Structures are given as C-alpha cells and as structure tokens.
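Dropping the structure in here first, questions after.
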Amino acid sequence: MKKARILIAVLLVIAALMPAQLFAQAKPIVLRLAETHPQDYPTTKGDYEFARLVKERSGGRIQIEVYYGSQLGQEKAVIEQVQFGAIDMTRVSISPVASFVPKLNAFQMPYLYRDEAHMWKVLKGDIGKGLLASLEPFGFIGLGWFEAGSRNFYNSKRPITKPEELKGLKIRVQESELMMGLVSAFGAVPTPMAYGEVYSALQTGVVDGAENNWPSYFSTSHYEVAKYFCLDEHTRVPEIIIGSKISLGRLSKADQDLIKQAALDAIDYQRAEWAKYEQISIDKVKAGGAQISYIGDKTEWQKLMDPLYKKQSKEIQDFVKQIQAVK
Ligand code: BDP
C-alpha cells in the first residue's frame, strides 16, 4: 500500500515536470479560418487545399477548420477579429485589408497589371513576398495570395459601353476608401456595404449596381437583379490569406513556416479551380439573361483614373512604379 502511494506520488511529480508539448501531441492544434464564399467557390476550395497540406505535413498535429459562407461574420469584422486574435486566419479580398494596411492599395490600383500573368509575376516575386512579410506590425501574418479575376461594373438600369454612362449610378463598393475614390472618379456614386447585403440592396433599389468578378456575380445571383454587365476590367484585386499575429505567434517558428509554405503551395491549385469556375460562371450568367458589354479600347477609362493615381501617397506611387516595371 505504502509502495503504491509512493509510486503514484513519483508519477505525479514526473507528469508535472514533463514539457507541455508532450501532452499537446495528443491534442491537435485547431485553427479557424474564416471565408466569405460558399463551399464550392474556388477560394474556399483553395482554403481546403491549404488545410489539407498543413494537416498532411504536420502529421495531423495542426488542423485548419474552414468556416465558409461568412459563418464567422462579414469581411471587415472578421479582419478586426483576426487582428486581435479571436479568429486565427481568413481569406479575404485585399480591398478591405487595405483599410488596416494602406500600402496594400498599391496592389489594387485600376488598370495596373497588363494581365493575369503580370499580376502573378508581381505576387510570387520579390514585391509580393516582401509585402506578405511586412504585415506583422499591423497584427497580421501574410500567408499567401489567391486569384480573383478582374472586377467589372454591373447594374440594373442600363447597358454601359462608355464611362460617362456610369454617371449618377449608385454603385456598391467594398469597405475601401480606394474603391470609393475609383467609383467617384468615374462619376458614379459609391456606396460602401458588406458583401452579404448587396443582393437585397440591388433588389430593392438601394443601389443601382455593384462591381465584381464573374464568379461572384454568378454565385451571389446578382445577375438576376442587375443584368447589365460591362466587362471594363477596371481592377484585378488579389485575394489574400492572413493569419493573426497573436494566435499564430504562439506556434513555433517551424510550425509557422510550415503554414506559410502550405499557403503558398495551395496557390496553383486555387488558380486552376478559378479558371474552371470562371468559365462556368460566364456560361451560367449568360444563360440566365445577363447582357454583356465588351469594352475594346480602354484608353478613355484609364485616363479618368489619373487623378486617383496622383492622389496616392509616395509609398504607394513607388510601389506602383515597381509593379509596372515587372516584365
Ligand atoms: C469578392 C471577393 C470577396 C469580397 C467580395 C466583395 O472574393 O472576398 O468580399 O468580392 O465585393 O470578389 O465584397
């Protein structure tokens, strides 16, 4: 009896002295990732691929749970929660993140990239890598980028073939100062609003139109209530995956690196999913009655953006020059 008690006491002392990591092994680290889009949308599929790589490479030690369909809230509120560590990570458009990290605006200037290939050269090259690495002072860990096509105007009132036809239209924009400036520079009236509210705002006439890429125009059913789509391709706004510095900061450097690498390695998968879904979206919205205006020469559209470029800070203007110089 006495021996048994001594043994138990010895075991308890050993357990108390054991490093916490030994116990942690049994219990996986679970990280929550917030996503706006539905489960079958290409960014969500990219999130799942990222989660799969992290789980595989950590031998199941780190698990990412994807909360799609805005279950954890709309983008701006989610970004705030990531900043103070209540949500571990999120995949969002860089537009709303730029309200927290202004230099991100450089990456969403109108008619900035020559094409998709140019944007990816920038994002995967030194400029993109440097930007991801520079988010820490703002409370974020930059993990990776995803494709989001080009953004275009659509509305319920009339076909748009020239910029002056946008005059006076009330256009929903993301919660982003730059996007408000862009829409104003075209003579339209910007109305910032959360993504989830746009369908009913279009339906009830609170706004006349919005702007987005083909997949969002389709997956939200906005084409049902705003059938005039104008392929002006005014911006290419990359998606970004950001982690919380507070919550990811608790992980070892090796685990943080594993997560960063997995996010980068999910990019090509997401881009392929994007290309497929974009084509499906184009076909579906056309079949659903959307009327498309194709804009050939965009010189006139571009010229109207000059004042917006001139208004930017020196830091952003320098970034823009560097981006344009990438061949
Ligand atoms: C979509 C982005 C999503 C944004 C949305 C918007 O993927 O992250 O929230 O646009 O316009 O293209 O708010």
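So for the chain: antiparallel DSSP bridges make up what percent, rounded to the nearest 5? It would help to have the intermediate numbers written out before the result.
Numbers: 19 of 37 bridges.
Percent antiparallel among DSSP bridges in the chain is about 50.
Full-extension gain between Asp40 and Ile246, please, as 0.36 nm times their residue separation minus the C-alpha to C-alpha distance.
Values: separation 206, 0.36 × 206 = 74.16 nm, distance 3.00 nm.
Residue separation times 0.36 nm, minus the Cα-Cα distance, leaves 71.2 nm.
Direction-averaged shadow area of the convex hull around the Cα atoms of region 196-281, nm²? Don't skip to the end; give the middle numbers.
Details: hull surface 30.8 nm².
Average of the hull's projected areas for region 196-281 equals 7.7 nm².
What nm value, rounded to one decimal, do you get for the distance between His118 and Ser221 when each label is placed 7 Å out toward the C-beta?
3.8 nm
Let me ask something else about it. Restricting to region 146-296, what percent of DSSP beta bridges are antiparallel, rounded to 5? Don't jump to the answer; show the numbers that get you there.
Numbers: 9 of 18 bridges.
In region 146-296, DSSP labels about 50 percent of beta bridges as antiparallel.
Leaving ligands, DNA and RNA out of it, rank Ile323, Ile282 by accessible area with a 1.4 Å probe, largest first.
Details: Ile323 0, Ile282 30 Å².
In descending accessible area the options line up as Ile282, Ile323.
Here is the link list: Lys103/Lys245; Lys124/Lys245; Lys45/Lys157; Lys76/Lys260; Lys167/Lys298. Which ones come out longer than 25 Å on Cα distance?
Lys45/Lys157
Would you mind checking which residues have amide H under 5 Å from Ile29's amide H? H placed 1.01 Å from N; only 5 or more apart, or other chain.
For Ile29, whose amide H was placed from the backbone, the distant partners under 5 Å are Ile62, Gln63.
If you don't mind, there's one more thing I want to ask. Given axes a ≥ b ≥ c from the Cα gyration tensor, I'd like to know whether region 250-327 is rounded (a/c under 1.5), prolate (a/b larger than b/c) or oblate.
Details: a/c = 3.06, a/b = 1.17, b/c = 2.62.
It is oblate, given that a/c is not under 1.5 and a/b is not larger than b/c.
Can you compute the modelled spin-label distance between Lys157 and Lys129, with each label point 7 Å from Cα toward Cβ, in nm?
About 4.8 nm separates the two model spin labels.
Next question. For region 180-327, just run the numbers: alpha carbon Rg, then divide by 2.2 N^0.38 Å, N being how many residues it has.
On the way: Rg = 19.1 Å, N = 148, 2.2 N^0.38 = 14.7 Å.
Scaled against compact globular proteins, the figure is 1.30.
Going through the DSSP H helices of the chain, which span 20 Å or more along their own axis at the Cα atoms while scoring at least 0.5 as a mean Kyte-Doolittle hydropathy? Please list the in-between numbers first.
On the way: long enough: 2-17 (23 Å, 2.00); 42-57 (22 Å, -1.21); 267-287 (30 Å, -0.88).
Length and hydropathy pass: 2-17.
For the chain, what is the accessible area per residue in Å² when the probe is 1.4 Å?
Numbers: 14950 Å² over 327 residues.
Heavy-atom SASA per residue in the chain reads 46 Å².
In the Gaussian network model of the chain, springs joining C-alpha atoms below 10 Å, which of Gly144, Gly243, Gly181 carries the largest mean-square fluctuation?
Ranking Gly144, Gly243, Gly181 by mean-square fluctuation puts Gly181 first.
Add +1 for every Lys or Arg and -1 for every Asp or Glu among the other residues with Cβ under 13 Å from the Cβ of Lys129, and state the total. Intermediate values should be presented prior to the final figure.
Details: positive: Lys121, Lys124, Lys260; negative: Asp126.
Computed value for this residue: +2.
So, with a 1.4 angstrom probe, what is the percent of accessible area on the chain that is carbon and sulfur? Could you put the intermediate results ahead of the total?
On the way: 8400 of 14950 Å².
C and S atoms contribute 56 percent here.
What are the extents of the Cα atoms of region 62-217 along their three principal axes, listed from largest to smallest and rounded to whole Å?
Cα extents, longest axis first: 50, 35, 24 Å.
Can I ask one more? Could you check the spin-label model distance between Ala77 and Ser184? Points 7 Å from the Cα along Cα→Cβ, value in nm.
The two pseudo-label positions are separated by 2.7 nm.
In nm, what is the difference between 0.36 nm times the number of residues separating Lys167 and Lys311 and their Cα-Cα distance?
On the way: separation 144, 0.36 × 144 = 51.84 nm, distance 2.12 nm.
Computed gain between Lys167 and Lys311 is 49.7 nm.
What are the extents of the Cα atoms of the chain along their three principal axes, in Å, largest first?
92, 41, 31
The values are calculated or read from the model by the stated rules, or taken from the named source; none is laboratory data. Predicted model, so just to flag it, every value in this text is computed and none were measured. Neighbour counts are summed over all protein chains in view; Cβ atoms, including those assigned to glycine, are modelled from backbone coordinates with ideal geometry. SASA here: full protein model, heavy atoms, side chains in, ligands and nucleic acids out. Shrake-Rupley method; radii C 1.70, N 1.55, O 1.52, S 1.80 Å.
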